Amino acid sequence: MKKSDFKARLFELFSAPVDRLTYEERMSLIEKYFIEYQIKNDTQRDPENYGKSWTDEELRTILSNAPTKSNCIKFSRIFSRGYGSIEQIYRWASTDDKTVREKRPNDAFVAHVKQIAKEQGWRA
């Protein structure tokens, strides 16, 4: 299929009425489904930085934004990482210290995330 044909079909679908939704509601639904599609198909991307250490600046950038699915997708693309790795950063940043000591007391990654999270003002 040519790109122009794909675009035409996609725009036609975007314009289709959906159970009496307003234009804004339909656009929100499209965005929701687009994010869901990207998460479901995350394994098709090549996360070239998989398994590599995170820099302080990368963690600061992530943790200076809200922990939304949209931001997880955005940062996984920016940093060439998997969706789940970004999600883990947000989860560990918001996990209380007691739980961290119980579950991952000697984990360097978690300690690094917690350090940057505290600098950024995150509280668990």
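Read the figures in this text as sums done on the coordinates, not as results from a lab. Since the model is a prediction, treat every value here as computed from it, not as a measurement. Ideal geometry is used to build each Cβ from the backbone, glycine not excepted, and the neighbour counts take in all protein chains shown.
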In the chain, which whole DSSP H runs stretch at least 15 Å along their own axis (Cα) and average 0.0 or higher on the Kyte-Doolittle scale? 108-119
Restricting to Cα pairs below 8 Å that are 6+ residues apart, what does the relative contact order work out to for the chain? Please round to a whole percent. 23
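Take each of the peptides 112-121, 6-15, average the number of other beta-carbon atoms within 10 Å over its residues, and list them starting from the highest.
On the way: 112-121: 16.5, 6-15: 10.2.
Taking the mean over residues of other Cβ atoms within 10 Å, the ranking is 112-121, 6-15.
Considering only lysines 8 or more places apart in sequence, or on different chains, count the pairs in the chain whose C-alpha atoms sit under 15 Å apart.
Numbers: K32/K40; K32/K69; K32/K74; K40/K69; K40/K74; K98/K114; K98/K118; K103/K114.
So the count works out to 8.
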Packing-based exposure ordering (other Cβ within 10 Å, fewest first) of R77, R101: R101, R77
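For the chain, what is the charge dipole size about the Cα centre, in debye to the nearest 20, if Lys and Arg each add +1 at the Cβ and Asp and Glu each add -1 at the Cβ? Before the final figure, lay out the partial values.
Working: 23 positive and 19 negative charges, 20 e Å.
That gives a dipole near 100 debye.
Using the 2.2 N^0.38 Å rule of thumb for compact globular proteins, work out how the stretch 1-40 stacks up: its C-alpha Rg over that value, please. Don't jump to the answer; show the numbers that get you there.
On the way: Rg = 11.5 Å, N = 40, 2.2 N^0.38 = 8.9 Å.
Taking the Cα Rg and dividing by 2.2 N^0.38 Å, one obtains 1.29.
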If I histogram all Cα-Cα distances within the chain using bins 5 Å wide from 0, what percent of pairs lands in each bin? 2, 10, 17, 16, 15, 13, 9, 7, 6, 4, 1
Based on DSSP H runs of at least 4 residues, each adding -39500 (n - 2.57), what is the mean residue ellipticity at 222 nm of the chain after dividing by all its residues, to the nearest 500 deg cm²/dmol? -19500 deg cm²/dmol
